[in-house]
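Structure below; questions to follow.
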Amino acid sequence: MLYLKQADIHQEKFPVQNYYPFNLKIFQNTKQIKFNTPVTLFIGENGTGKSTLLKALAIRCGIHIWQSEFNLRYEHNPYEDDFYKAITIQWENGPVPGSYFGSQIFSHFAKNLEEWAIHDAQMLNYFGGKSLVTQSHGQSLMSYFQSRYTLKGLYFLDEPETALSPASLIELLNLLNKISRQGHAQFLIVTHSPFLMACPGSRIYSFDNTQIEPIKYEDTQYYKIYKRFMADPGKFIKTDLA
């Protein structure tokens, strides 16, 4: 089942053209993004706007994003968090609940869950039955994913591959494939992982051109680079260290 059907970017609502993210050509040139698969992946180089769009979509969908109150920066950008105001969305059958995952956000959540469990140990039952902070980072991530995504909803994940081993990435890939086939969850994922990009039936959107465009798995630079590297690692290792 699909919940989020489409997002439209309204350039006429951009408050400025010279501040991030409104200065990105990819947002100035992209009018519409369709979500017609259970798993949608955003890929591209750092700084291309993937995570910015993911966050804006989550906010527009009414998903709460945990944030630190101490997010101070030397150069303040007054427009950085306003991208959602220039986006409208279309639901398939009305809004649904969900969640937003980010590595730093997860760390804060795990610590809060530990404090809640001190007063009510049953809270851990919703997240695998074990303390998240006493497991390795990778184990706690998988415990969270396996419990949270069994619930009906719309899920946003920003680089979930952080701290996951290749074996755990394949485990997450199979989890996404299984849950998406069950039909109760929809995923929007920012990733650099060719493992997750291989999710069957997913749609991949590339942010590496002047517009956000769909791309085939085998045509991604990630796939090509990993394939060439595995075939002959020596070609990628520089021998001139001067």
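Computed from the coordinates by the stated procedures, all read-outs in this text should not be read as laboratory data. Computed from a prediction, not measured in an experiment: that's the story for all the values here. We place every Cβ from the backbone using ideal geometry, glycine too, and count neighbours over all the protein chains shown.
Within 10 Å of each candidate Cβ there may be at most 10 other Cβ atoms; applying that plus a DSSP loop requirement, which GluC sites (Glu not before Pro) in region 74-103 survive?
Those that pass, being in a loop and sparsely packed, are E75.
Let me ask another. Which links in K50/K216; K55/K238; K55/K235; K50/K227; K5/K216 stretch past 28 Å when you go from one Cα to the other?
Result: K55/K238; K55/K235 exceed 28 Å.
Note down the net charge around Q17, summing +1 for each Lys or Arg and -1 for each Asp or Glu among other residues with Cβ under 14 Å from its Cβ.
Net local charge, Q17 excluded: 0.
Between region 200-218 and region 1-28, how many Å separate their Cα centres?
Going from one Cα centre to the other spans 17 Å.
If you don't mind, another one. Which far-off residues, 5 or more places away or on another chain, put their amide H under 5 Å from the one on G44, with H placed in the peptide plane?
For G44, whose amide H was placed from the backbone, the distant partners under 5 Å are F207.
A follow-up question, please. Around I33, with a cut-off of 11 angstrom between Cβ atoms, what is the net charge of the other residues, counting Lys and Arg +1 and Asp and Glu -1?
+2
Starting from the amide H of W91, placed 1.01 Å from N in the peptide plane, find each other amide H under 5 Å away whose residue is 5 or more places distant or on another chain.
K5
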